[in-house]
Protein chains: 2
Amino acid sequence: MSAEHSFDARLTDRKRAAILAAAVKEFQAKGFDNTSMNRIAETAEVSKRTVYNHFESKDALFLAIVQELLDTTEALPEFPFDPEREVADQLSENAWRIVELFTSDSFQGLVRVTLSRFLMSPQLAQETIGDQKRFRVRLVRWIEQATAAGRLKANDHELAAAQFCGLLESAIFWPAVFGLEPSPSQQLKDDVVCTSVEMFLARYGIGE
Amino acid sequence: MSAEHSFDARLTDRKRAAILAAAVKEFQAKGFDNTSMNRIAETAEVSKRTVYNHFESKDALFLAIVQELLDTTEALPEFPFDPEREVADQLSENAWRIVELFTSDSFQGLVRVTLSRFLMSPQLAQETIGDQKRFRVRLVRWIEQATAAGRLKANDHELAAAQFCGLLESAIFWPAVFGLEPSPSQQLKDDVVCTSVEMFLARYGIGE
DNA sequence: TAAAAAGTAAACTGATGGGTGTAGTTTAGC
DNA sequence: GCTAAACTACACCCATCAGTTTACTTTTTA
């Protein structure tokens, strides 16, 4: 028999993946401090020693997870200003991307796990959660370009971007993080994107 | 000598206060799990046994702190809509109150401590951080009243309130929580309140 | 097919930390 | 001043848990 059901990869790789998956699950469920390596090994259906063969320490395992999740959410495309398209249009599209990111399981996982661990150490938090800034940078650039093209009137581009994100976050992101609404309805997302764009343009837009 | 410098109270009460203060300090600095009762006793300059004489357990101590901090931030006044005053005026005032709350040390302390502990248990997090909702309720009511009075055009009052708070939070509150800017400048606060009110009214206001 | 690489089970170490028990000292209040 | 309540120092119990060791089996690979 060539393989039982190991369409996947070498055993070693499968074990590694199982450990990461188990760790994500446990860390998310109970937090870093309240998750033991024994438990992770158990959940991964792997011997404890194997966990330590793959990851030097609990911290190393944690960082590997954060890195993996960061990589997952990394692949957001650039979003340059397009002079040919309507401002509202582009902003809506950008808003949708952000909302989708916010509500994606992987990003939620990242935030929950990381937030609880690094709330106390701003340094580390910045390096990891700094991810949250990463898409904001794109938005800032877009706002800058749009302003330069005379299609927006924003003085403080950073602030404008922060505010736009804030509009989306307060209604979509944070409620989800705190488990109020498991996943916001399409209806709500629609409303939020819509009114956010309207509000933003009401303040920073040029009557087009 | 009537008293050395014990203008305060009975020794017992001073001890209790010292324990609470030490616990707040330690929990804020290192989080719940990474703070030992030994350390708290040490910081409070109190014997460990005394800590346990005042508080049944580490959890009890934690809850006492949360309660105390909640009480501190509890005393926010009602904010009814006043038909005699300009809408922008009232909204600005409300925004200022919220910003002041956000940047107050006691509130920051509450959030840091509570967030890190209860991020994993939405139930508890809601009851405690739900405080954050408490002022939002006032804002929701204000928006409702203003809308009823024909001075605003908001369909979803909850959403509108969330968005307004989001505008303030993303620029003031969260950066402070994550220790980026220890305390935002008066200038920034001004800008944020100003543009937030403008944005909000641009969308929900009636051209007055 | 044999050696090298990876996995397993389970007992173990060492440290931490919540919480208790005790015996003796200090403070409060009558 | 004397008693009860509160505080202190410190040893102690016990559970948890990160990480290790050992002796052995399975998988990979060349």
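Readers should treat all values here as calculations from the given coordinates under stated rules, not as data from a laboratory. All of these numbers come straight from a predicted model, not from anything done at the bench. Neighbour counts are summed over all protein chains in view; Cβ atoms, including those assigned to glycine, are modelled from backbone coordinates with ideal geometry.
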- Note on the structure: Projected onto the charge dipole of the protein assembly as shown (unit charges on the beta-carbon of Lys, Arg, Asp and Glu, signs +1, +1, -1, -1), the Cα from A:PRO83, B:LEU115, B:PRO80 with the largest positive-side position is that of B:LEU115
- Task: Sort shortest first the distances from A:GLN186 to its counterpart in every other copy, using label points 7 Å along the Cα-to-beta-carbon line, and give them in nm.
- Result: 5.1
- Inter-site label distance for B:THR50 and A:GLU45 at 7 Å from Cα along Cβ, in nm: 5.5
- Message: From the mean inverse distance of alpha carbon pairs (Kirkwood) and the Cα radius of gyration, derive Rg over Rh for chain A.
- Response: 1.08
- For the charge dipole of region B:22-69, defined by +1 on Lys and Arg C-beta atoms and -1 on Asp and Glu C-beta atoms about the Cα centroid, which residue among B:LEU69, B:THR43, B:VAL24 has the Cα displaced farthest towards the positive pole? B:THR43
- Message: Assume the label is 7 Å from Cα along Cα to beta carbon: what separations in nm does B:SER104 have to the matching positions in the other copies?
- Response: 4.0
- Which is the longest part of chain A that has none of the trypsin sites (Lys or Arg not before Pro) sitting in a DSSP loop with at most 13 other Cβ atoms within 10 Å? A:11-84
- Item | Simple spin-label estimate for B:LYS30 and B:GLU100 in nanometres, 7 Å along Cα-Cβ | 3.6
- Message: Stokes-Einstein diffusion coefficient for the protein assembly as shown at 20 °C in a medium of 1.002 mPa s, Rh from the Kirkwood formula over Cα pairs: what value in µm²/s?
- Response: 90
- Nearest-20 debye value, the protein assembly as shown charge dipole, Cβ charges on Lys, Arg, Asp, Glu: 1400
- Among A:LYS30/B:LYS48; B:LYS25/B:LYS189; B:LYS30/B:LYS189; A:LYS48/B:LYS48, the pairs whose Cα-Cα distance exceeds 31 Å are A:LYS48/B:LYS48
- Task: Divide by every residue of the protein assembly as shown the summed helix terms, -39500 (n - 2.57) for each DSSP H run of at least 4, and state the resulting mean residue ellipticity at 222 nm, rounded to the nearest 500 deg cm²/dmol.
- Result: -22000 deg cm²/dmol
- Item | 7 Å along Cα→Cβ, label-point gaps from B:ASP156 to other copies, nm, shortest first | 2.8
- Task: Show the residues, 5+ positions off or on another chain, whose built amide H is closer than 5 Å to the amide H of A:LEU152.
- Result: A:THR147
- Message: Under a Cβ-only charge scheme (Lys and Arg +1, Asp and Glu -1), can you give me the dipole magnitude of chain A about the Cα centre, in debye to the nearest 20?
- Response: 720
- Query: Rounded to the nearest 0.05, what FRET efficiency is calculated for B:SER185 and A:SER121 with R0 set to 25 Å and r the Cβ-Cβ distance?
  - Reply: 0.55
